[in-house]
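The values are calculated or read from the model by the stated rules, or taken from the named source; none is laboratory data. What you are looking at is a predicted structure, and each value in this text was computed from that prediction instead of being measured. Here the Cβ positions follow ideal geometry from the backbone for every residue, glycine too, while neighbour counts run over all protein chains shown. Just the protein is used for accessible areas: all its heavy atoms, side chains included, with ligands, DNA and RNA removed. Shrake-Rupley method; radii C 1.70, N 1.55, O 1.52, S 1.80 Å.
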Amino acid sequence: MSTAMNFSNKSFTPRPPDKGAFPLDHFGECSAFKERFMECLRQSGYESAACRQSAMAYLECRMDRRVAQLMANEPLEKLGFKDLLNEKSEEKPEKS
C-alpha cells in the first residue's frame, strides 16, 4: 500500500498581501522610532501590547514618509489603534 499523497488535484494560487508591500527603510528615516519600539519590547519581555504607543509612532513615521513610499497612508483606527487615539483626544484640554 502506498503512503504517498497525491497533491496534483489542488493548485495553489498565490495572492499579494492585503495591505501591499512593506518596503525596507533603506535611508533609516524611521530607525529612531524602530529602535524605541525594539527597546520597549526588550524591556517588557517581548510583550507587544505594552509597546503599542511605540508601534503606533513607528507606523505614523512610515506613513509620513510619502516620498520614500515606506507605507501607504491608512487611518490608524484601521490598524488597531482606535483606543489609543481616543486616549490622546481625552488628554487634550478643550479650548474655550
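With the requirement that a residue be under 15 Å from S54 (Cα atoms), surrounded by 14 or more Cβ atoms within 10 Å (Cβ to Cβ) and more than 14 Å from the chain's Cα centre (by Cα), what does the stretch 64-85 give you?
Residue satisfying the conditions is L84 alone.
Can you tell me which residues in the stretch 33-53 are of a type in the set (A, V, I, L, M, F, W, C) and touching a residue at least 24 places away in the same chain (Cβ under 8 Å)? Step through it out loud before you land on a result.
Here is the first cut: in the stretch 33-53, the ones of a type in the set (A, V, I, L, M, F, W, C) are 33, 37-38, 40-41, 49-51.
If the condition is that a residue be of a type in the set (A, V, I, L, M, F, W, C) and touching a residue at least 24 places away in the same chain (Cβ under 8 Å), then F33 is the only one that fits.
Just need a number here: residues in the stretch 45-54 that are assigned to a helix (DSSP H, G or I) and either open to solvent by 30 Å² or more (accessible area, probe 1.4 Å) or out of contact with any Ser or Thr (no Cβ under 7 Å at 6 or more places or on another chain) (or both). First the steps, then the outcome.
First pass over the stretch 45-54, keeping only residues assigned to a helix (DSSP H, G or I): 48-54.
Pick out the ones that are also either open to solvent by 30 Å² or more (accessible area, probe 1.4 Å) or out of contact with any Ser or Thr (no Cβ under 7 Å at 6 or more places or on another chain) (or both) and you get 48-50, 52-54.
Residues that pass the stated criteria total 6.
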